[in-house]
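Just below is one structure, and these are the notes that go with it.
What follows draws every value from the coordinates through simple rules; no lab data is involved. Predicted model, so just to flag it, every value in this text is computed and none were measured. Here the Cβ positions follow ideal geometry from the backbone for every residue, glycine too, while neighbour counts run over all protein chains shown.
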Amino acid sequence: MRFGSVDRSDRLTLAAAFAFFQEAAISHAAVLGVGRDAMKQSGQAWLLSRLSMFMEKRPRYEENILIRSWPRGPEKLFALRDYDIMDASASSDNKTSGKALVRGRSGWLVIDLQKRRPLRVEAVTEKLPLNEGLNALLSGPVGLGSREELLLFGERQAAYSDIDFYGHVNNVRYVQWIQDMTDPDLLDKASQMRFDINYLGETLPNEKIELYSCPIENNRENSSLPEDYPACPGSAFAYEGRRTGNNKDQLVFRAELRLGN
């Protein structure tokens, strides 16, 4: 694993895991004939709408890992795609351990590039394998409702390094913003991480986004978390990104992070 993917604890960061997932999805979509260039020719694009991830064990610098991604068919408006990061270290018999250290599930929209509106995903997903039974996670984002206790943390303006090929802030950048809103000591110490995010609107160059956060309860007994998504006993936080100015009440993202000690 690369040096730029770890924090002071020498372990994989949340944003780096998201970046791995993003690259795996882009590369595999191209192999399947529904990549960026193919979609652009038909005036379409993939847009990440939601992603859930459970990091059961954080890989360390220079550990050998294998990043995998596969489509899971349609679900309502979304095309599902799962991910995992495997322990690829060789054992005494030269076989990899095959243990999933990180597992994720995402929901993607197919949008019309001109109108910026969602299209039916079935026209694209019907060309893809369903991979039935190959579930990295059984559930996507849950419990991401509005919270009155959220407090303003600060403001970010979308700069050149935030903007991707499609002219808006890249999904990994939002995760980096959320990391920057969180106590770095808590992130360094966390042995497990569970993260859910819904992307609710795009951010264009130079737009200013207000960032909000607050601590939340991290107790399975009082939550609606699905059983297949293990609880991480420790600190937990909710986050929102909101537009400023005339569009002040419009949400850009809503997320929750749980850190296991």
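In table form, for the structure just shown:
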quantity	calculated
Non-local Lys pairs in the chain, i.e. 8 or more apart or on different chains, that have alpha carbons under 17 Å apart	6
Net charge, residue 234 excluded, C-beta distance under 9 Å - Lys, Arg +1, Asp, Glu -1	+2
Amide H partners (placed H, <5 Å) of residue 119, local residues excluded	110, 111, 112
Sequence ranges 167-180, 200-213, ranked by mean other-Cβ count within 10 angstrom, highest first	167-180, 200-213
Pairwise FRET efficiency - residue 164 versus residue 76, Cβ, R0 = 30 Å, nearest 0.05	0.70
Per-residue [θ]222 nm for the chain (sum of -39500 (n - 2.57) over DSSP H runs n ≥ 4, rounded to 500)	-4500 deg cm²/dmol
Zone of residue 251's modelled label, taken as backbone nitrogen in the range 157-180 under 15 Å from a point 7 Å along Cα→Cβ	none
In order through the range 45-62: 3J(HN,Hα) via Karplus (6.51 cos²θ - 1.76 cosθ + 1.60), integer Hz, x for Gly, Pro	7, 7, 10, 5, 10, 7, 8, 10, 8, 10, 9, 6, 9, 8, x, 9, 3, 6
The range 3-125 - Kirkwood radius from inverse mean 1/r over Cα pairs (Å)	15.7 Å
